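What follows is a short report on a single structure.
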Amino acid sequence: MFRKTAIVAALAALAIPATANAATPPIQSHTYHVSVKPGTLANGQDTVTANVKVTNPENSVRRFWSRSTIQSMVREGIDNGYEMPYMSQGFRCTPVLDGSMNASTAHFTCKLQGADVPTGVTVTFTAPYLPPTAG
């Protein structure tokens, strides 16, 4: 009985450091400034900051977090005034509106969909739209 307990304790002691030293997945962060159609955003803004977080980056899918892909995805949502979920460039983008009656600011979170690699890409950006006009 004592021998079994000692063996189990020894194995557990070996497993703890391995778990404690387990490698965390690599993460990259990128910030892109995206120019959008003039007159779409409030306060005369024509640039949006897109924050990109890439986990487990693999070069084979690097195009998904390239500047041109992110710019196209952001522009599609903002230039079209989207305040609802949309798909673009392999990303599903979901807005959360500011909660006011005018719901003039949309905070977007876009996640890469259907990748067959462990790479994850999340993009966040905010669109302060012009408030709707009474018509």
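The values are calculated or read from the model by the stated rules, or taken from the named source; none is laboratory data. Remember, predicted model here, so these are calculated numbers, not experimental data. Methodologically, a virtual Cβ is constructed for each residue, glycine included, from the backbone with ideal geometry; neighbour enumeration extends over all protein chains shown. What goes into the accessible areas is simple: the full protein's heavy atoms, side chains included, and nothing from ligands, DNA or RNA. Shrake-Rupley method; radii C 1.70, N 1.55, O 1.52, S 1.80 Å.
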Order 50-57, 35-42 from most to least packed using the mean count of other Cβ atoms within 10 Å. 50-57, 35-42
Out of every Cα pair in region 27-128, what percent are spaced more than 22 Å from each other? 26 percent
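Using 0.36 nm per residue, how much length does the chain from SER60 to LEU130 gain when fully extended, once their Cα-Cα distance is taken away? Walk me through the numbers before you get to the answer.
On the way: separation 70, 0.36 × 70 = 25.20 nm, distance 3.92 nm.
Full extension from SER60 to LEU130 adds 21.3 nm.
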In nm, give the distance between the simple-model label positions of VAL117 and ALA42, each being 7 Å from the Cα along the Cα-to-Cβ direction. 3.9 nm
Pop out the ³J(HN,Hα) list for region 64-79 in order, Karplus 6.51 cos²θ - 1.76 cosθ + 1.60 with θ = phi - 60°, rounded to Hz; leave Gly and Pro as x. 6, 10, 6, 4, 5, 5, 5, 4, 4, 5, 5, 4, 4, x, 6, 4
Counting only protein heavy atoms and using a 1.4 Å probe, what share of the accessible area of region 27-128 belongs to carbon plus sulfur, as a whole percent? 47 percent
